[in-house]
1. Could you state how much accessible area H24 has, in square angstrom rounded to the nearest 10, with a 1.4 Å probe and all protein chains kept in place?
2. Provide the FRET efficiency to the nearest 0.05 for the T36-L9 pair, computing r from the beta carbons and using R0 = 25 Å.
3. Provide the gained length on full extension for the span S224 to V74, in nm with one decimal, where the gain is 0.36 nm per separating residue minus the Cα-Cα distance.
4. Before anything else, pin down the relative contact order of the chain: Cα pairs under 8 Å, at least 6 apart, normalised by residue count, whole percent.
5. Given the whole protein assembly as supplied and a 1.4 Å probe, what does the accessible area of D139 come to in Å², nearest 10?
6. Kirkwood Rh, Cα Rg: Rg to Rh for region 95-226?
7. Enumerate the amide H contacts of F184 below 5 Å, restricted to partners 5 or more residues apart or on another chain; note that Pro and chain-start residues carry no placed amide H.
8. Please compute, for the alpha-carbon atoms of the chain, the extent along each of the three principal axes and give them in descending order in Å.
Amino acid sequence: MTTWLNMSLQDGASPIMEQLIFFHDHTLMIMLMIITTVMYMMTTLLWNKHTSRFMLEGQLIETTWTIAPAIILVFIAMPSLRLLYLMDEIHNPTMTLKAVGHQWYWSYEYSDFTKLEFDSYMIPQEENQTSTFRLLDTDNRIVLPMNSPIRLVVTAADVLHSWTIPSLGVKTDATPGRLNQTSFSINHPGILYGQCSEICGANHSFMPITIESVSANHFINWISSLSE
């Protein structure tokens, strides 16, 4: 999760998020080179004379500053398109999780198991403990196995919501009457936090998302304990 004065992205908890961070750094380096070049040219213009009897036309510089941006855009567009296709790909999921947005809480359904569904509300501030995070922890966490491709199906029961986990690189709109799907895989065990990222009403900021990533054996034991 993000921390105080964190100026960078959250640590990636999925392969897609790690790729997004690499792409972010790649684009920032290109922007740094562009800014450096523009600042150098502005500085030289300020300190040099603005007229030259030898400079009647500049075919070379005109060609250069037309072709160079096109080449730079190709270096940005190619990895961006690759990532877009990777994010849309659904790889033979081991299980499916359905998330339904309500005003103002989330409902979850494990579609591969019989009658395994629950509501997830934010823990009220007066019930917070020292081990919980204010406005981020929920009474019922989503338990998912790590290193397993998960298919997420998202919809809403009333208004627009958005199911978002920044450290997974997942942000899917929840639209009434429509099913949106995405997929992700969690790299390591831990607790991941997210929030609704669509302005859905007065209590929009009070419907967090909490995922508990566990090993496959722990997940099977959790499923078995709920079935008993």
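The values are calculated or read from the model by the stated rules, or taken from the named source; none is laboratory data. Note that the coordinates shown come from a computational prediction; the quantities given were computed from them, not determined experimentally. All Cβ positions, even for glycine, are placed from backbone atoms using ideal geometry, and neighbour counts span all protein chains on display. Side chains are part of the model used for accessible areas, which takes the heavy atoms of the whole protein and leaves out ligands, DNA and RNA. Shrake-Rupley method; radii C 1.70, N 1.55, O 1.52, S 1.80 Å.
1. Near enough 70 Å² of accessible area.
2. Computed FRET efficiency for T36 and L9: 0.60.
3. In short, 48.9 nm is gained.
4. Dividing the mean separation by the residue count of the chain yields 21 percent.
5. Surface open to solvent at D139 totals about 90 Å².
6. Taking Rh as the inverse mean 1/r over Cα pairs, Rg/Rh reads 0.94.
7. Result for F184 returns I150, L152.
8. 90, 41, 34
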